[in-house]
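Below you'll find the structure, written out as structure tokens, and then a few comments.
The values are calculated or read from the model by the stated rules, or taken from the named source; none is laboratory data. Computed from a predicted structure; not experimentally measured. Cβ placement follows ideal geometry from the backbone for every residue including glycine, while neighbour counts extend to all protein chains displayed.
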Amino acid sequence: MYEYLASRAPIFALVHKGTPEWRLLSESGHAYIAELDNPVEIRSTFERLISEFREGKLSISPNEHLLQRFSRRSVAERLAAIIKDVATYREPVAER
């Protein structure tokens, strides 16, 4: 999912409402989302995507601030900080 988000291209997603995936995709600014178990909503969302595509009017506006949090550089920096914290951790000395 993160690679799709990074592409900033329209995403057609079928997920359960209220899940972390739903929230992330909703905040991304470039996803067409339908409830996984709702055929009527799936069809309507897909038809809207196709219609907007044909008209050249896709309603996408990628949330750059959100997407930056998941960039390879940002994730690598956070991982490096965690590794540094673990590598420099010192067990507290118990007082007697």
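Before moving on, here are some points about what is shown:
- Residues in region 64-74 that are part of a helix (DSSP H, G or I) and hydrophobic (A, V, I, L, M, F, W, C) were compared, and the one that is surrounded by the most Cβ atoms within 10 Å (Cβ to Cβ) is LEU67.
- Filtered residues of region 75-95 (kept if over 14 Å from the mean Cα position of the chain (by Cα) and assigned to a helix (DSSP H, G or I)): ALA76, GLU77, ARG78, LEU79, ALA80, ALA81, ILE82, ILE83, LYS84, ASP85, VAL86, ALA87
- Being at negative phi, under 13 Å from the mean Cα position of the chain (by Cα), of a type in the set (A, V, I, L, M) and modelled with pLDDT of 90 or more holds for only one residue in LEU24, LEU49, and it is LEU24.
- Only a single item in (1) touching a Leu at 6+ places or on another chain (Cβ under 9 Å); (2) surrounded by fewer than 10 Cβ atoms within 10 Å (Cβ to Cβ); (3) not aromatic (Phe, Trp, Tyr) is not met by VAL86, and it is number (1).
- Screening region 1-54 for residues that are among the hydroxyl-bearing types (Ser, Thr, Tyr) and surrounded by 14 or more Cβ atoms within 10 Å (Cβ to Cβ) and picking the one that is nearest to LEU67 (Cα to Cα) gives SER28.
- Test: residue in region 48-57 that is in contact with a strand residue (DSSP E or B) (Cβ under 9 Å, 6 or more places away or on another chain), of a type in the set (Val, Ile, Thr) and either within 16 Å of ALA9 (Cβ to Cβ) or in a loop (DSSP other than H, G, I, E, B) (or both): no
- Scan of region 1-47 for residues that are part of a helix (DSSP H, G or I), within 28 Å of ARG72 (Cβ to Cβ) and small (Gly, Ala, Ser), ordered by number: ALA6, SER7, SER26, SER28
- Among residues of region 53-87 being at pLDDT 90 or above and among the small types (Gly, Ala, Ser), the one that is farthest from TYR32 (Cα to Cα) is ALA87.
- A search for C-beta distances below 8 Å between a residue of region 11-27 that is in contact (Cβ under 8 Å) with a residue 24 or more places away in the chain and any residue that is part of a loop (DSSP other than H, G, I, E, B) and of a type in the set (S, T, N, Q), counting only pairs 6+ apart in sequence or on different chains, returns GLU27/ASN63.
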